[in-house]
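> This is the structure, below, for whatever I ask next.
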Amino acid sequence: MRWVTALPIVLLATHVQAQEGGFHPDQQKTIIERSDKYTVRLRRDKLNLLLSVNKKGQPPTTLVLPNEMVQVDKVEFVTANKIALLGAVNGDVNAVALVDLDSAKIIDKFYCYAPTLSPDKQFLVYIKFFPAHFVQGVSDVYLLYDLHKSPAENRAAGVPNGDVQNVGRVIYPPESKNQSGDNTDRPESEIHTLESGAFYWAPKEDRLVFVDRFQDRFSLITASFSDSGIANIKQHEIKKTDICLSSDTSQCTFTVTSIQFFNDGHLKLKLRPYNSRSPVKAEVDLNEW
Amino acid sequence: MRTNKNPSSRLMACLSVTSLVAFMLNSVVAAPSEPLSERPSSVLPSSGLVSKSYRARAQNAPSPMMQMPMVFPLFIQNQDFTSAVVLTNAASQSTYADVTLTRTDGREITHHRVQFAPHSQSTVDIQSLLMSAVSPTTTGSITVTQSPDFDGTMVILGQLSMTYRASEQATYIDEEIAMPNMEGSQTLRAVSDPGEGSPLVAVTNLSEAGQRIAIRCLTERKENFSKSVDLLAGETLLTEPCSERTIHGAVIESFSTRESEGPHGPVGISLTTDGMPGSIAAFGLQPHKKGHHNFFSNVTFTDPKMLMSPATVFDGVPVGPANLLSAGNYVPELSLTNFSTKALKVAVQYSQTSGATPAIEQLAAFSLPAGSTKKVTFDDIQGDPQLQNSFLVTSTGAPGDVLAKLVSKNDSAPDEVELLGKDAQDMNNGGSNPWSIEGGSESTLLFFNHDQAPQIFNVLITSEDGTQWDKDFKLAPMETRAISIGDIVQKGLKDDKSKTLPQTAVSGQISWWTVGTASGPGTGRLLQSNRALGITRSFACGCPYILCGTRFFDNIINLLIGDTGNPLDSVTATICLYKTGTHCGGSTTSNSSSQALSYSWSSSNSAILQISGSSANSSVNVTGASTGTATMTGQISATYFQPSQTCMFGSGGNNTVFSVTVTSADIVADKIAVTMAPSTLNGTLTLTVNGPGISFTLFQGLEQGNSINFSFNRPQLPSGQYTYVQASWNIPGSGTATSTANDSFDVLGLYRHSQYNTPYESTCTGTAGTAWVITGSCNFTQTTLKSDFMSQLFINGSGVSLSNGSLHYYTQCSNYPAGANSQNSFLQVSQITGSCNTVPQGGITVAVFPNPPVSYPTWECGDLLQYVTSSDTNQVQKSVQDYCPGCNTGFNGTAGHIDDYSSSTACSGHNVGDYGNFLTIRLR
């Protein structure tokens, strides 16, 4: 990997991310989505969120969403007869619910952070859930949920389908087993942190990019997927000396505010320092990823 | 005690006078016999009384509107002699002078008007004038009358240069201009160096009445000679004062045959008229013969009443080899005459300056009998080859009792160099001389400070193109200084203002002056010489310079507070050629910043304008101590002794000290208070907020002095750390005042503020479910908790149960009982605290990412955050007390995510929606 300064002309796309507009459950909008066979309609009824499933030629069926899921931001058809509801349980924690439209039942539910759907809507990536507060030593575990597979296939052996936390296949860090309690109370030396604020899918590709921080090192993580799951994962270190403008990089910390994909293969990362006393470059280009 | 002489009326060359010459009147004064009277040996100490005394005399004097002529009593223009008048204009304005040639019988031959540029010289060739007048005349006198525009101030000075060509080598005679004055005496005296027989003296009758002249010749042998001659009105009479020969209506050729003999040693000559004082002028030639070589020295007459001291100064005397003059060894020879009736003691002091310190030597001390003449030769002294040698001859008599003449004889050449003695207390404290370096000539200023204190000589050299060069030269006591004009021009030497003369300059005019002390002013002369051609001409024409005014310059009108104007103000002195009878008045000759003058400065308000450093220079450094306007006054003074007066002039101007002050800067109050002062000034105010590597302009525009409050305009502030506010107020042409005020804050940007809470089981509605409470060291106690409470406790990390107190999410145990897991087993805690170990407070506590206790300097516990709305109003101020591990996500298009603690006890996130997006400023 090397740093480049030249910029290609063509800017393609960015990512698709849930939770647009913040957390305002009392302002829940009605969401209506249609497919060839189904029309689904999400609406609030007092404190409950109701989902109506209307199969052509059949009377509609109404589901009451789990009461902790107080806001739904997106309703996506992920297969011909399955939808994913991306929402939130509070201002920090997201919730995902999967509904089998044929049976009009919720077949899976879990909590997470920063859920992001792939462009082809087969994969959902997210950060493994941890309680929003009053926990220490939180380490981000980056997980993948294959929406073409069953809840059991998206859980490790021994994890019951009702488990709302230990859900999905581990993308990164590779040593994680996605076991109960493996992302809290970790020593500082074992903590991974998402430093790109979100996950970034390459347009029209099942390729994922995000930035992880571990032991004060920043890494660009790229992952590609196939129908069988995770195909490849690469890790490229982003050296602080290439980012930080002050000679003393010990107190230089930053977050990546966006990642842009270019058709020539390079990425542009926009940066912001956590600590304005240690300024960083506004953006960098990564030629290969 | 010295007599209170009127210094304005002395018979001196180049003297400034206003007195009328009432020569139209017949003299009725006493018969001509020289009053060998006892004269007071000194005059009153100079004081203001002298000026008063002068004014009284001036009132009695004839109208000053009539112009007194300057006279050269003798010119010779024939096959043996050529004559040329060299005139200088010492004024700073253009003028003219009329030159009139008169025959020995008093009839005018011709006249000619000479035009002068400021500070210039002009040469009038006598042969050309005679030829233009078709006159065969070879001998006569010359009068020079300057323009009446100067109201009596003498600005035209001159010298008649005669060249004797009848011998193997041309020799040169310098005749200084004579300016008789009726307030002088009836007597003229001169000393001639040893020659061949009697000198030939031309006596010009300046009145329109006949006069009888008593002539005395005092020799070495006490065989004194005397005679009387009658002088017709306007006549120039040629006579031999030491023999009987006198020829009325004669020309120089009449004396070509030697019919009479006279003494061969030095002689003193006295001419006493029965006419009005100042009604005669005289000049003589002393013939010499050395082998086959004939030449003449001059005999210059002095009115003894015009002398101020019994001391005579000879400066720039050739002693030994002299680089500027013909090769050979020069030996000084002093001729002295005691014209008084009693023996007087004479002392001769010699000062040689070869290095930095003059070497002073007492050469001789002897008694000179009454009515006698004596010659002393100094053939055993060493001299400086640059002519930095001077003599001071003093006597115990009254001024004019003993006169002296000094010549330096070259042992390798037939001629001699004549030195004109100057009265040690001469009123003429400066000179106006022509300079030329044409054709290989040298022009050298020769200054001598005969005082016991240092003296400053100010020199103003003007070239023919008008360029001026002005510099002070400080001479140590008894120092002689030779200053080469050629060096100044050709080496590009800089003056006190770093100016140089053009390298093409070859001639021009020099004005020089000193202030002088009670011992008298420094003396000086200009030597024009050409060693190769054997030319030596001395221009010693003196004139009185005086401080007559001042000009004030504001270098910096408006001064920054705290700054020092280097300099803030300056004054220059106006130097005049002194107009007799005035108090410090005359015609302007130059403007100067010479340190020969005394300067003092004062501030009308030192709280505003504070003098920094010396206040004794022509310019002053001033510090702006506080805002406002005050007056700086510069004063120039000089104390003169002939006439005694202190000239003092002051001038001043206003200076304004301006400032800008940021009296306060508060990001929370959104207020920056700026004061610009004084209100009379208008300038461009620039207001910036700054931090390491960042500066943002809040305001820029014209502002009159005033106090103004500005807003930070917080929604427009770029993200970054700011530490101070700076105001700069630029006053055009005067500089920029700057002020800063500290105010440290970090603009984090627009942040999303979500909310979190601690759910209470009491607000939950779910059915009871099996749960475990963990206490102590992983002791599990089965209990029941409402199912929705367990969900919220798991999601939020804490909650307050109905029966088991405060509970925390906990994963540190490995001994979960059957059916227990981290989603239904919770740690019992005494109270719920954030990562900063404080109990969260609704509306105050916020949780941030990364964890504040371990993320400094990104965060630290207790950081205050100011929330600002998009309309720039304050929303709220909160405190960082907790950790939000999920706040590295969920930005929702903002720059960051902070979770605000809510006091809600609700059992659902539905009740704790986002607080909102706000511009968030960390107050640190």
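> Using only Cα atoms, locate the centre of the stretch B:70-136 and the centre of the stretch B:334-392, then give the distance between them in Å, rounded to an integer.
36
> What's the whole-number percent of alpha carbon pairs in the stretch B:114-193 lying beyond 18 angstrom? Spell out each step's value before the answer.
On the way: 1963 of 3160 pairs.
Considering the stretch B:114-193, 62 percent of its Cα-Cα pairs are separated by more than 18 Å.
> Label the stretch B:373-486 by shape, choosing from rounded, prolate and oblate, from the square roots a ≥ b ≥ c of the eigenvalues of the Cα gyration tensor; if a/c is under 1.5 it is rounded, and otherwise prolate applies when a/b is larger than b/c, oblate when it is not. It would help to have the intermediate numbers written out before the result.
Numbers: a/c = 1.94, a/b = 1.33, b/c = 1.46.
Cα axes put the stretch B:373-486 in the oblate bin.
> Taking each residue of A:122-132 in turn, how many C-beta atoms of other protein chains fall within 10 Å of its C-beta, and what is the average?
4
> How large is the helix-only mean residue ellipticity at 222 nm for chain B, computed as the sum of -39500 (n - 2.57) over DSSP H runs with n ≥ 4, divided by its residue count, in deg cm²/dmol to the nearest 500?
-1000 deg cm²/dmol
> Past the 22 angstrom mark, what percentage of all C-alpha to C-alpha distances in the stretch B:580-662 do you count?
So the pairs more than 22 Å apart make up 39 percent of the total in the stretch B:580-662.
> Which value in Å does the Kirkwood hydrodynamic radius of the stretch B:788-864 take, with 1/r averaged over all unlike C-alpha pairs and then inverted?
For the stretch B:788-864, inverting the mean 1/r across all distinct Cα pairs yields 14.2 Å.
> Would you mind computing, in nm to one decimal, how far apart the modelled labels at residue B:557 and residue B:341 are, each placed 7 Å from Cα along Cα→Cβ?
The answer from the label model is 7.2 nm.
> Could you run the Karplus curve 6.51 cos²θ - 1.76 cosθ + 1.60 with θ = phi - 60° over the stretch B:696-704 and give me ³J(HN,Hα) per residue in whole Hz, x for Gly and Pro?
Whole-Hz 3J(HN,Hα) from phi for the stretch B:696-704: 10, 7, 8, 7, 8, x, 6, 9, 6.
> Same structure, new question: Net charge around residue B:860, counting only other residues with Cβ within less than 11 Å of its Cβ (Lys, Arg = +1; Asp, Glu = -1)?
Values: positive: B:922, B:924; negative: B:863.
Summing Lys and Arg as +1 and Asp and Glu as -1 gives +1.
> Quick one: net charge around residue A:206, please, counting Lys, Arg +1 and Asp, Glu -1 for every other residue with C-beta under 11 Å from its C-beta.
Cβ neighbours under 11 Å give a net charge of -1.
> Using alpha carbons only, how many angstrom separate the centre of the stretch B:167-217 from the centre of the stretch A:35-103?
136
> I've got another one for you. What net charge is computed for the residues neighbouring residue B:160, neighbours being all others with C-beta under 12 Å from the C-beta of residue B:160, Lys and Arg scored +1, Asp and Glu -1?
-3
> Oh, and also: Using label points projected 7 Å from each Cα along Cα→Cβ, tell me how many nm separate residue B:289 and residue B:779, to one decimal.
Result: 15.2 nm between the two label points.
> Give the residue list of trypsin sites (Lys or Arg not before Pro) in the stretch B:429-489 that are DSSP loop and have at most 15 other beta-carbon atoms within 10 angstrom.
none
> Percent of Cα-Cα pairs more than 17 Å apart in the stretch B:726-832, please. It would help to have the intermediate numbers written out before the result.
Values: 3500 of 5671 pairs.
That fraction is 62 percent.
> If you don't mind, another one. For the protein assembly as shown, take N as its residue count and report Rg(C-alpha) divided by 2.2 N^0.38 Å.
The value comes to 1.70.
> A follow-up question, please. Please give the peptides B:128-134, B:168-174 ranked by average Cβ packing (other Cβ atoms within 10 Å per residue), highest first, as a rough proxy for protection.
Per-residue mean Cβ counts within 10 Å order the peptides as B:168-174, B:128-134.
> A follow-up question, please. Could you check what % of the DSSP bridge pairs in chain B are antiparallel, to the nearest 5? Don't skip to the answer; put the middle values down first.
On the way: 281 of 299 bridges.
Antiparallel: roughly 95 percent of the beta bridges in chain B.
> Given 37 °C and 0.692 mPa s, compute D for the stretch B:598-719 with the Stokes-Einstein relation, Rh being the Kirkwood radius over Cα pairs; round to the nearest whole µm²/s.
Numbers: Rh = 17.8 Å.
Rounded to a whole number, D works out at 184 µm²/s.
> Next question, about the same structure. Return one quarter of the surface area of the convex hull spanned by the alpha-carbon atoms of the stretch B:288-332, equal to its mean projected area, in nm².
Orientation-averaged projected area of the Cα hull: 4.9 nm².
> May I pose another question? Regarding the stretch B:315-410, what is the average projected area of its C-alpha convex hull, in nm²?
Value for the stretch B:315-410: 6.0 nm².
> Another question, if that's okay. Over all alpha-carbon pairs of the stretch B:644-791, lay out the pair-distance distribution in 10 Å bins, whole %, shortest bin first.
The calculated distribution, bin by bin, is 10, 25, 15, 9, 10, 12, 9, 6, 2, 1, 1, 1, 0.
> Rounded to a whole number of µm²/s, how large is the Stokes-Einstein D of the stretch A:98-163 at 10 °C and 1.306 mPa s, given Rh as the Kirkwood radius over C-alpha pairs? Before the final figure, lay out each step's value.
Numbers: Rh = 13.3 Å.
D = 119 µm²/s.
> Per residue of the stretch B:862-874, what does 6.51 cos²θ - 1.76 cosθ + 1.60 with θ = phi - 60° give for ³J(HN,Hα)? Whole Hz please, x for Gly and Pro, Karplus curve as stated.
Once rounded to whole Hz, the list reads x, 3, 9, 10, 9, 9, 10, 7, 5, 9, 6, 10, 6.
> Take every Cα pair under 8 Å in chain B that's 6+ residues apart, average their separations, divide by the length, and report that relative contact order as a whole percent.
9
> Say each of residue A:250 and residue B:864 gets a label point 7 Å from the Cα, pointing the same way as Cα to Cβ; how far apart are those two points in nm?
If labels sit at residue A:250 and residue B:864, their model points lie 3.0 nm apart.
> Count neighbours as other Cβ atoms within 10 Å of each site's Cβ, and list the trypsin sites (Lys or Arg not before Pro) in the stretch B:186-254 that are DSSP loop with at most 14 such neighbours.
When the trypsin sites (Lys or Arg not before Pro) of the stretch B:186-254 are filtered for loop state and at most 14 Cβ neighbours within 10 Å, B:221, B:222 remain.
> Computed from the mean reciprocal separation of all distinct C-alpha pairs, what Kirkwood hydrodynamic radius does the stretch B:171-224 have, in Å?
Values: mean 1/r = 0.0702 Å⁻¹.
The Cα-based Kirkwood calculation yields 14.2 Å.
> Starting from a Cα-only point model with no solvent, please compute log10 I(q)/I(0) by Debye for chain A at q = 0.11, 0.15 1/Å.
Each listed q maps to, in turn, -0.69, -1.19.
> Let me ask something else about it. What ranking do B:780, B:789 get, fewest neighbouring Cβ atoms within 10 angstrom at the top?
Values: B:780 15, B:789 26.
So the residues, fewest neighbours to most, are B:780, B:789.
> Sorted from largest down, what three extents in whole angstroms do the Cα atoms of the stretch B:488-547 have along their principal axes?
40, 34, 15
> Continuing with this model, one more query. Under the rule a/c < 1.5 gives rounded, and otherwise a/b versus b/c splits prolate from oblate, where does the stretch B:402-444 land using the Cα gyration tensor?
Taking the square roots of the gyration eigenvalues as a ≥ b ≥ c, the stretch B:402-444 is oblate.
> Moving on. Provide Rg over Rh for chain B; use the alpha carbon set for both Rg and the Kirkwood Rh (inverse mean inverse pair distance).
Values: Rg = 48.6 Å, Rh = 34.6 Å.
My calculation of the ratio gives 1.40.
> Of B:353, B:427, B:343, whose Cα points farthest to the positive end of the dipole of the stretch B:293-451 (charges on the beta-carbon: +1 Lys, Arg; -1 Asp, Glu; origin at the Cα centre)?
The one lying farthest along the dipole's positive direction is B:343.
> Right, another one. Measure nothing but the geometry: give the 0 to 90° angle between the long axis through the Cα atoms of B:787-796 and the longest principal axis through the Cα atoms of chain B, rounded to 10°.
The two axes meet at around 20 degrees.
> Now, a different point. On a 0 to 90° scale, report how tilted helix B:48-60 is relative to the longest principal axis of chain B, with both axes built from alpha carbons and the result rounded to the nearest 10.
For B:48-60 against chain B, the angle is about 50 degrees.
> Shifting gears a bit: Convex hull over the Cα atoms of the stretch A:150-289, averaged projected area in nm²?
9.8
> Rounded, prolate or oblate: pick one for the stretch B:476-590, where a ≥ b ≥ c are the square roots of the eigenvalues of its C-alpha gyration tensor, a/c under 1.5 means rounded, and failing that, prolate if a/b is larger than b/c, else oblate. Let's see the in-between values first.
On the way: a/c = 2.32, a/b = 1.45, b/c = 1.60.
The shape class here is oblate.
> A further question follows. With bins 10 Å wide starting at 0, give me the P(r) of the stretch A:212-276 over every alpha carbon pair, in whole percents.
17, 45, 28, 9, 1
> P(r) for the stretch B:679-737: what percent of alpha-carbon pairs falls in each 5 Å bin, starting at zero?
Going out from 0 Å in 5 Å bins, the stretch B:679-737 shows 4, 18, 28, 20, 14, 11, 5, 1 percent.
Read-outs throughout are calculated quantities, based only on the coordinates presented, and are distinct from any laboratory measurement. The shown structure was predicted, so the numbers you read here are calculated from the model rather than taken from an experiment. Please note: Cβ atoms are built from the backbone with ideal geometry, for glycine as well, and neighbour counts cover all protein chains shown.
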